[in-house]
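The values are calculated or read from the model by the stated rules, or taken from the named source; none is laboratory data. Quick caveat: nothing in here was measured; it's all calculated off a predicted structure. Backbone-built Cβ (ideal geometry, glycine too); neighbour counts: all protein chains shown. Side chains included, ligands, DNA and RNA excluded: accessible areas come from the protein's heavy atoms. Shrake-Rupley method; radii C 1.70, N 1.55, O 1.52, S 1.80 Å.
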Amino acid sequence: QVQLVESGGGLVQPGGSLRLSCAASGSMFSIDVMGWYRQAPGKQREMVAFITIGGSTRYADTVKGRFTISRDNAKNTVYLQMNSLKPEDTAVYYCNKYPSMSYSWGQGTQVTVSS
């Protein structure tokens, strides 16, 4: 069973940057389309970005041009570089398979954008 561990969140001022990491145990990671998701208080979880096995990417309109998803299959890790952060990016960020979200959810990593 794949276990997901997200890290790299924190408190950052508007306009700042953070790099999130998602480490996945399990041997199937390298053939999965992986995505980053986020959930803000009182809102549904939403897809932020996903990356295919071959490295093709897709972003939600709200983060396009500011966030970059990447992966290192040798390390079973997916990254999310977040630049030009806005207060509305505040949420708990998770990774999971896309679109099935069929892995057990990790604990997520809190991102708070505030001055």
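This model, with +1 at the C-beta of Lys and Arg and -1 at the C-beta of Asp and Glu, gives the chain a dipole about its Cα centre of some 100 debye. Give the residues of segment 61-94 whose amide nitrogen is closer than 19 Å to a point set 7 Å from the Cα of Ser114 in the direction of its Cβ. Those under the cut-off are 85-93. Within the full protein context, the accessible area of Lys64 is estimated at about 120 Å² for a probe radius of 1.4 Å.
Excluding ligands, DNA and RNA, the accessible surface per residue across the chain is 51 Å² with a 1.4 Å probe. Carbon-plus-sulfur accessible fraction, the chain (probe radius 1.4 Å, protein heavy atoms only): 49%. Spatially close Lys pairs in the chain, defined by Cα atoms under 23 Å apart and a spacing of eight or more places or different chains, total 6.
Ranked by solvent-accessible area (1.4 Å probe, protein heavy atoms only, all chains present), the residues Met34, Met47, Met101 order from largest to smallest as Met101, Met47, Met34.
Leaving ligands and nucleic acids out of the surface, order Thr57, Thr62, Thr77 by accessible area at 1.4 Å, largest first. Numbers along the way, then the final one.
Numbers: Thr57 60, Thr62 80, Thr77 15 Å².
Listed by decreasing accessible area, they come as Thr62, Thr57, Thr77.
Taking all protein chains together and rolling a 1.4 Å probe, Asp61 ends up with roughly 130 Å² accessible. For the options Val48, Val78, Val63, a Gaussian network treatment of the chain with springs between C-alpha atoms closer than 10 Å singles out Val63 as fluctuating the most.
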